[in-house]
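Q: Let me begin by handing over the structure; questions about it come next.
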Amino acid sequence: MRKNLLITPEGTKDYLFEECVASCDIQSKIKDCFMSKGYFRVDTPCIEFYDLFSMEDSGYPQENMFKTTDNKGRLLVMRPDSTLPIARMSATRLKNYDMPLRLFYGQSVYRNNPTLLGRSNEVMQMGIELIGATGKRADLEVLTTAIDCLSATVEDYRIEIGHAGFFNALVEKMDVESETIEAIRSSIESKNYSSLNTILDKLPPSPEVTAIRKLPRLFGGAEVIDKALKLCNGTKAENSLRYLKELYKDLSKLNLGDKLIIDLGIVQKTNYYSGIVFTAFVNGIGDEVISGGRYDKLMSNFDFPTGAAGFAVNIDHLVEINLKDKRKDMAPVPETIVFVNEGFEIEGLEKVKELSINGANATFSTFETLEETKAYAEKVGIKNIINIGG
């Protein structure tokens, strides 16, 4: 027997019964949320050219991508992200459409994570991209859409907002190599403060180094921005912080309470994002369930300079939290089973269709005898048996 015949590749899994039902339900609620705000669905290929994700601003190391080649020897990847393919689509097929473009998607992404991280290599995502719009109104639309998605699917969540310009402005004034900046960013993103301090201890003292050292603790309400403003007085970071404070004030009108948090330590993919950045977490799930922000710079890579912002929802995480206290492997049980005597097969199948149209959960008996059908119904818990032609 082939040794991998009965297993799935690492980082993937089969989805059964209740998981599929929960996933469809969550996707339906999020789709309704997107469509109610004027977003239209698009889909992109599962396989894209490597060139699309090899750009400096893509944010995806090549070792994290699944690769193959086409029949011309060109390098292909399974998409690790949906934003870049939609940016490509917007700059080509949708270039002549009126702006802004309001697009949403629901598709899997594939990331070749290190085995020991325990993360899925295949993730079902839904998300939006608002392309061709800038400014506070656009940012508030994206943020409130993310909040509405969470409210429609889970009760206990928090959304954390930051600004990529804050971190970018600080490191811009530091005379260090790009590799060092990336190491700082990675340490903050992973909340590895020991590693962060080790890196910063080797750098000459400066206001920027002091600010970055305190960055992981700049987490909370509006008072966080006031503390940060004192740390970066007279730098470009001030503009980002004042804008973030304005957004926070507006979002506070939604009465989210402690669900809305400022986190100046959100620094993921700093080359990717250029403005607001945000993540959302749900109690019981360690990783973020939503990640997004503004990525104006990215569109210039496609000769289509315009504003853009969006976010992605990890559907698999929402399914996990929704099924936390349920049996994931429980097979669905029909209410009725239709048994037919010989010669009445089509009538029986039509009866199942009729019952289903009228809202009943029915199934067709493939057993040859009524006794076998009764035994099966009793075993799995089917309450009603219809006997046709008997």
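Q: Only Lys, Arg, Asp and Glu count, each charged at its Cβ (+1, +1, -1, -1), so figure out the dipole size of the stretch 124-184 about its Cα centre, rounded to 20 debye.
A: Approximately 300 debye in magnitude.
Q: What aspartates and glutamates could a cross-link reach from K259, if we take a straight Cα to Cα line under 15 Å and drop same-chain neighbours fewer than 8 places away?
A: Hits, sequence-local ones excluded: D148, E155, D156, E160, D250, E288.
Q: State the extension gain, in nm to one decimal, for the chain segment bounded by N384 and M55, taking 0.36 nm per residue of separation less the distance between their alpha-carbons.
A: 112.4 nm
Q: Could you give the spread of the C-alpha atoms of the chain along their three principal axes, from largest to smallest, in whole angstroms?
A: On the principal axes, the chain reaches 90, 55, 47 Å in Cα extent.
Q: With +1 assigned to the C-beta of every Lys and Arg and -1 to the C-beta of every Asp and Glu, and no other charges, what is the dipole magnitude of the stretch 108-154 about the Cα centre in debye, to the nearest 20?
A: It comes to approximately 140 debye.
Q: Let me know the number of lysine pairs in the stretch 293-377 closer than 28 Å at the Cα, not counting same-chain pairs under 8 apart.
A: Counting lysine pairs in the stretch 293-377 gives 4.
Q: Restricted to Cα positions, what overall size does the stretch 241-325 have along the principal axes? Three whole-Å values, descending.
A: That gives 49, 29, 21 Å along the principal axes, largest extent first.
Q: Based on the mean of other beta carbon atoms within 10 Å per residue, what is the order of 371-379, 295-303, 316-324, most packed first?
A: Packing proxy ranking, top to bottom: 316-324, 295-303, 371-379.
Q: In addition: Rg and Dmax of the stretch 15-135, Cα atoms, in Å?
A: Final numbers for Rg and Dmax: 16.1, 46 Å.
Q: Please report the carbon-and-sulfur percent of the accessible area for the chain; probe 1.4 Å, protein heavy atoms only, DNA, RNA and ligands left out.
A: Answer for the chain is 50 percent, counting heavy atoms of protein chains only.
Q: Might you report the magnitude of the Cβ-based charge dipole of the chain about its Cα centre, with Lys and Arg at +1 and Asp and Glu at -1, to the nearest 20 debye?
A: Dipole about the Cα centre, nearest 20: 1100 debye.
Q: Rounded to the nearest whole Å², what accessible area per residue is found for the stretch 250-390 with the 1.4 Å probe?
A: 52 Å²
Q: Suppose each label sits 7 Å from its Cα in the direction of the beta carbon; what would the D156-E189 distance come out to in nanometres?
A: Taking the two extended label points, one gets 2.9 nm.
Q: Then there is this: Let me test this: with uniform point scatterers at the alpha carbons of the stretch 33-87, what is the Debye-based log₁₀ I(q)/I(0) at q = 0.15, 0.29 1/Å?
A: -0.49, -1.19
Q: Could you order peptides 45-52, 83-90, 308-315 by the average number of other Cβ atoms within 10 Å of their residues, highest first?
A: So the peptides 45-52, 83-90, 308-315, ranked by packing, come out 308-315, 83-90, 45-52.
Q: For K173, put the label point 7 Å out on the Cα→Cβ axis and report which residues of the stretch 212-241 keep their amide N under 15 Å from it.
A: Residues passing the 15 Å test: 212-215, 228-241.
Q: Continuing with the same structure: From the helices alone, meaning DSSP H stretches of at least four residues, give me the mean residue ellipticity at 222 nm for the chain, per-run term -39500 (n - 2.57), in deg cm²/dmol to the nearest 500.
A: That comes out to -11500 deg cm²/dmol.
Q: Can you pull the one-decimal nm distance between simple spin-label points at I47 and V21, each 7 Å off the Cα toward Cβ?
A: My value for the distance between the label points is 3.7 nm.
Q: Could you check the simple spin-label distance between F66 and E368, using points 7 Å along Cα→Cβ, in nm with one decimal?
A: 4.3 nm
The values are calculated or read from the model by the stated rules, or taken from the named source; none is laboratory data. On a predicted model such as this, the values are computed, not experimentally measured, just so you know. Glycine also receives a Cβ, built like all others from the backbone with ideal geometry; neighbour counts cover every protein chain displayed. Accessible surface areas use protein heavy atoms only, side chains included; no ligands, DNA or RNA. Shrake-Rupley method; radii C 1.70, N 1.55, O 1.52, S 1.80 Å.
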